[in-house]
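What follows is a set of notes on a single structure, which appears directly below.
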Amino acid sequence: EPTTVFSDLWIDFSGEETGAMSTQMNVGRYDAEGNTLVGLGFTAEGEPLLVRLDLEHTDDGASITDYEVLDKASAYYVHIYDGYVYYNRDWAGICRVPLNGGDVEVLIPHDGDYLQVRDGYLWFCNEEYRFCRADLNGKNEEVVLDKEVYFPYLLDDEWLLYQDDADGETQHLRHLPSGEDARVSDEILYNTYIWGTDLYAAMQSEDGQYL
């Protein structure tokens with residue numbers, strides 16, 4: 001058989017990597033770094049906020065030592081990266097705000113779904129659900145995968161797992177440097193995540209239930 005990039009593929013996720021992927025697949029409401037937790041909060045009236053919680057861990061659990069409101073908006077796909085919090089703001093654009101608080105900066109003025117921040121770049125789907133990459137300041141936006149995709153997730157700096165809309169919404173794995181691409185499931189999968197070397201996902205039955 002001819003050798004392909006898939007011949008040497010080996011994915012073995014740690015517990016931390018599994019947790020990050022699971023959070024991302026559930027719209028990424030929270031992210032943590034050390035004793036800092038950033039994510040969804042609410043006002044007394046029930047309005048959504050993006051908040052930072054400073055935590056102290058003890059034998060009895062964790063307690064909040066300080067908090068700060070970073071943005072008065074609903075945030076999705078929240079990521080702490082290099083002193084900033086990056087997030088999708090109300091499904092209307094990608095923003096960032098300093099982790100210690102400050103002005104909110106709009107980086108991508110249109111919806112950027114499935115935002116990931118890694119390797120010094122923003123990775124997301126644009127309004128046409130083409131998989132894109134941009135600099136951390138939102139500049140130099142470019143299409144990386146020019147077809148309609150959903151639930152993309154970068155496993156590392158080379159491999160992308162995603163749902164291919166044109167191929168019956170099946171799960172695909174793509175090697176970004178070479179462009180080699182393969183279907184990994186004939187079923188429509190939701191909330192996929194990797195635990196160790198295994199892929200787990202939800203499926204929808206004929207009566208609409210998720211299994």
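Please pick out the residue among 97, 143 that is on the phi < 0 side of the Ramachandran plot and loosely packed, with under 15 Cβ neighbours inside 10 Å.
Criteria check complete, one pass: 143.
Listed residues 194, 188; which is hydrophobic (A, V, I, L, M, F, W, C), in contact (Cβ under 8 Å) with a residue 24 or more places away in the chain and open to solvent by 30 Å² or more (accessible area, probe 1.4 Å)?
188 is the lone residue from the list that is hydrophobic (A, V, I, L, M, F, W, C), in contact (Cβ under 8 Å) with a residue 24 or more places away in the chain and open to solvent by 30 Å² or more (accessible area, probe 1.4 Å).
Determine which single condition residue 182 fails, assuming it passes every other condition in (1) farther than 16 Å from residue 114 by Cα; (2) modelled with pLDDT of 90 or more; (3) assigned to a loop (DSSP other than H, G, I, E, B); (4) open to solvent by less than 60 Å² (accessible area, probe 1.4 Å).
All conditions are met except number (3).
Does residue 49 meet the test of being out of contact with any Phe, Trp or Tyr (no Cβ under 8 Å at 6 or more places or on another chain), open to solvent by less than 80 Å² (accessible area, probe 1.4 Å), on the phi < 0 side of the Ramachandran plot and not aromatic (Phe, Trp, Tyr)?
Taking the combined requirement at face value, the residue does not satisfy it.
Just give me the residues in segment 28-87 being closer than 26 Å to residue 17 by Cα, acidic (Asp, Glu) and in a strand (DSSP E or B), in sequence order.
31, 33, 54, 56
The values are calculated or read from the model by the stated rules, or taken from the named source; none is laboratory data. Since the model is a prediction, treat every value here as computed from it, not as a measurement. Every residue, glycine as well, gets a Cβ built from its backbone with ideal geometry; the counts of neighbours run over all protein chains shown. Calculation scope for accessible area: heavy atoms of the full protein, side chains included, ligands and nucleic acids excluded. Shrake-Rupley method; radii C 1.70, N 1.55, O 1.52, S 1.80 Å.
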